[in-house]
1. Which residues make up the longest stretch of chain A clear of GluC sites (Glu not before Pro) that lie in a DSSP loop with no more than 13 other Cβ atoms within 10 Å, not counting the sites?
2. In nm, give the distance between the simple-model label positions of B:VAL62 and B:PHE94, each being 7 Å from the Cα along the Cα-to-Cβ direction.
3. Which whole-number percentage describes the relative contact order of chain A, with Cα contacts under 8 Å and a sequence gap of 6 or more?
4. Mind checking which helices in chain A clear 20 Å along their axis (Cα) and have mean Kyte-Doolittle hydropathy of -0.5 or more, DSSP H runs only?
5. Counting other beta carbons within 10 Å of each Cβ, put A:ILE134, B:ILE4 in order, fewest first.
6. What is the mean number of Cβ atoms from other protein chains located within 10 Å of the Cβ atom of each residue in peptide A:45-54, rounded to a whole number?
7. Could you list B:HIS48, A:HIS330 so that the one with the fewest beta carbons within 10 Å of its beta carbon is first and the one with the most is last?
8. Can you compute the modelled spin-label distance between A:ILE176 and B:LYS12, with each label point 7 Å from Cα toward Cβ, in nm?
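A short reminder: the numbers here are calculations on the coordinates, not readings from a lab. Owing to the predicted nature of the structure, the values given are computational and were not obtained by experimental measurement. FYI the Cβ positions are ideal-geometry reconstructions off the backbone, even for glycines, and counts take in every protein chain you see.
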Amino acid sequence: MGIEILGLPMMYYIAMVAKVLVAFVFVLLTVAYATYAERKIIGHMQVRLGPMRTGWHGLLQPIADGVKLFFKEEIIPSQASTFAFLVAPLIALIPAFITFAVIPFGGVIEVAGYKIPLQIAAYYDTAAGQVYDINVGVLYILAMSSLGVYGIVLAGWASNSKYSLMGGLRASAQMISYELAAGLAIISVFMLSGTLSLNKIVALQSGFGGFEWYLFKQPLAAFMFFICSLAEINRTPFDLPEAETELVSGFCTEYSSMKYAMFFMAEYANMVTVCALTTTLFLGGWNGPLTAAFPLLGPVYFIAKVYFLMFVCMWIRATLPRYRYDQLMHLGWKVFIPVALVNIVVTGIIGYFV
Amino acid sequence: MNPITPIINGMKITFKHMFLKPVTLQYPTERPKVSQRFRGLHGLKVSHSKAKCVACYLCPTVCPAKCITVEAAEDANHDKYASVYEIDMLRCIFCGYCVEACPVDALKMTGEFELANYHRQDFIYSKERLLEK
């Protein structure tokens, strides 16, 4: 049948590429409309309307913003290190998007006789009858999210401006301290699951009609992981690297035009990824009622859960003021890390006796 | 103090506020309803198809911003009237003292508040522009 590459028919590759494209475009659209949703939700929480002019109820606002940023003047400060300055937004943006590769957003669907797992970096082995994905998926995500900080630090350093440098320094200190706590928080999940493969972690949460979530077994870890992730992606109340009141705009002070837009896309893409990861680890991923009968319900549940968590992010942003720097460090090192360690020990003891 | 409770209380408040009716006024399309006693652009009252003003000079005298220019003249009936009545809106502070001072109730303040213009000269409102329609 048709052309074969490496023993697999052409249709298989087309289906795989289509899957990647659909997932990627969907993430991009979500990123674009997350800005709109954020402005709308925060607006209504502050008893305002939010964007209303561009299109019906401001629905075209992200497109207008994109076009505006695209046509703005590109400014490279004369004292900046040009190469690092140009490369920094890319280093921030790319890890934000490629983390999505290992997150399973659905079960196995059948297209034209081929079984396709709804996870970008995964394939369905027909002989074994199971899905194989990266067996250290979570490590991959942690690695990529810590790569993202290089973009921010580099941006702060290359701009050659004191505000940018302060923003970059804060970003690195904050990310390192909160990554520790986030990593320790999810260790308790691995103690329950015994695997780092995200696909298997999701499968393990499919009991009770798709409600055997790790959130119920590890509420403290879920809470800590979510908060630490917020800190890691520099969202309010932990947005110290770009604290407008103190640092003008932090690491992106000197950036303009599309490069500035890239930092923003990276920030929102990180938010999507973090919400997706929290969903996968603690909210049962794409599991839900009736997913076995209707495989396409999986992505729907997954998207609903991710959007709910994104709403919580925006809700938190609308509520809480920014933490002071020493409070941030105190929270990270003196609260979250010890609590996460205790959580691991308690999980270990319970796991040993039960 | 327990640090979680205030956060939860705050989150509750923001969530409740999300369902309140926004107070935003979509300005150019929606118009604000100014109060009865709003002090906007001045208006010269008209009676028997001419301005009630008798050019007594009380308004330029009381004006703290010195923005009113009045010149008196005599009409065909030998009545005193204001041949020139100008208010410089760039200087006016909209205090309403001129309205209070007027002995013949010839002056009022309208609800008109969109007073932007392109040239400085356009801000000096002449008698014709101030007469109430």
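1. Details: sites that count: A:GLU73, A:GLU74.
My reading of the result: A:75-354 is the longest stretch.
2. Reported label-point gap for B:VAL62 and B:PHE94 is 1.9 nm.
3. Numbers: 554 pairs, mean separation 77.7, N = 354.
Relative contact order comes out at 22 percent.
4. Details: long enough: A:10-45 (50 Å, 1.34); A:82-98 (25 Å, 2.40); A:137-158 (32 Å, 1.70); A:162-193 (46 Å, 0.97); A:257-282 (38 Å, 0.95); A:297-319 (33 Å, 1.43); A:337-353 (24 Å, 2.08).
Taking the DSSP H segments of chain A (at least 20 Å long, mean hydropathy at least -0.5), we get A:10-45, A:82-98, A:137-158, A:162-193, A:257-282, A:297-319, A:337-353.
5. With the fewest neighbours first, A:ILE134, B:ILE4 line up as B:ILE4, A:ILE134.
6. Details: counts 9, 7, 8, 4, 5, 2, 0, 4, 2, 0.
Mean shielding by partner chains, rounded to a whole number: 4.
7. Numbers: B:HIS48 6, A:HIS330 13.
With the sparsest Cβ surroundings first, the list reads B:HIS48, A:HIS330.
8. 4.1
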